[in-house]
1. Mean separation of Cα pairs under 8 Å and 6+ residues apart, divided by the residue count of the range 116-158: what relative contact order is that in percent?
2. What is the Å³ per residue value for the convex hull set by the Cα atoms of the range 79-165?
3. Place +1 on the Cβ of every Lys and Arg and -1 on the Cβ of every Asp and Glu in the chain, take the dipole about the Cα centre, and give the residue among Ala54, Val4, Ala96 whose Cα lies farthest towards its positive end.
4. Can you give the longest run of the chain that contains no trypsin sites (Lys or Arg not before Pro) sitting in a DSSP loop with at most 12 other Cβ atoms inside 10 Å?
5. On the accessible surface of the range 57-165, probed at 1.4 Å, how many percent belong to carbon and sulfur atoms?
6. Summing +1 for each Lys or Arg and -1 for each Asp or Glu, what net charge is found among the other residues whose Cβ lies under 14 Å from the Cβ of Thr34?
7. So how strong a dipole does the range 96-165 carry about its Cα centre when Lys and Arg Cβ are +1 and Asp and Glu Cβ are -1, to the nearest 20 debye?
8. Can you give the accessible area per residue of the range 58-165, in Å², using a 1.4 Å probe?
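The values are calculated or read from the model by the stated rules, or taken from the named source; none is laboratory data. Fair warning: this is a prediction, and the values are worked out from it, not measured in the lab. We place every Cβ from the backbone using ideal geometry, glycine too, and count neighbours over all the protein chains shown. The area values use the complete protein model at the heavy-atom level, side chains included, leaving out ligands, DNA and RNA. Shrake-Rupley method; radii C 1.70, N 1.55, O 1.52, S 1.80 Å.
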Amino acid sequence: MADVTLRSMRADDADRVLAIYQAGLDAGDASFETTAPTWAAFDAGRSPGHRLVAVDGDGVVIGWIAVAPTSARAVYAGVVEHSVYVDPAARRRGVARLLLDALIASTEAAGVWTIQSGVFPENAASLALHQRAGFRVVGRRERVGRHHGRWRDVVLLERRSPVID
């Protein structure tokens, strides 16, 4: 992936990050959300130390990954939930895997021992990506919420760090 580089997400990435997010939401199998938040809400809800973007050779953001803490309780300080989104035009180029691998390295360096996510079972590409990156299915929440007028299940995934004990 010589034409793709990773860097920290910046405020001036907001338009591209939120457009990519909205494209994922519009596809229907990414999240219960239907509208991307404002940049202020996005920024406030994600941990600043673990936000990355993938940039193509022209400097255009083509994907992003970010984490949020799962709880404010100290005992869960090493557990985060992540999201990864790639521009539809840049899919199937390994961008999501590149982002996910970098996030794993970043979080482990910071002492995070568990990365988790919830994925719709219909999102086969995301499930396969996560399993290739060392995530395991820990359960399935059936009919946990309504999305576009129908009940949806969510597959719960987690990756436990093998280097943090």
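1. 49
2. 100
3. Checking the options against the dipole of the chain, the answer is Ala96.
4. On the way: sites that count: Arg10, Arg73, Arg92.
Here the longest run is 93-165.
5. Roughly 49 percent of what the probe reaches on the range 57-165 is carbon or sulfur.
6. 0
7. Numbers: 11 positive and 7 negative charges, 74 e Å.
Result for the range 96-165 is approximately 360 debye, rounded to the nearest 20.
8. Working: 5780 Å² over 108 residues.
For the range 58-165, the solvent-accessible area averages 54 Å² per residue.
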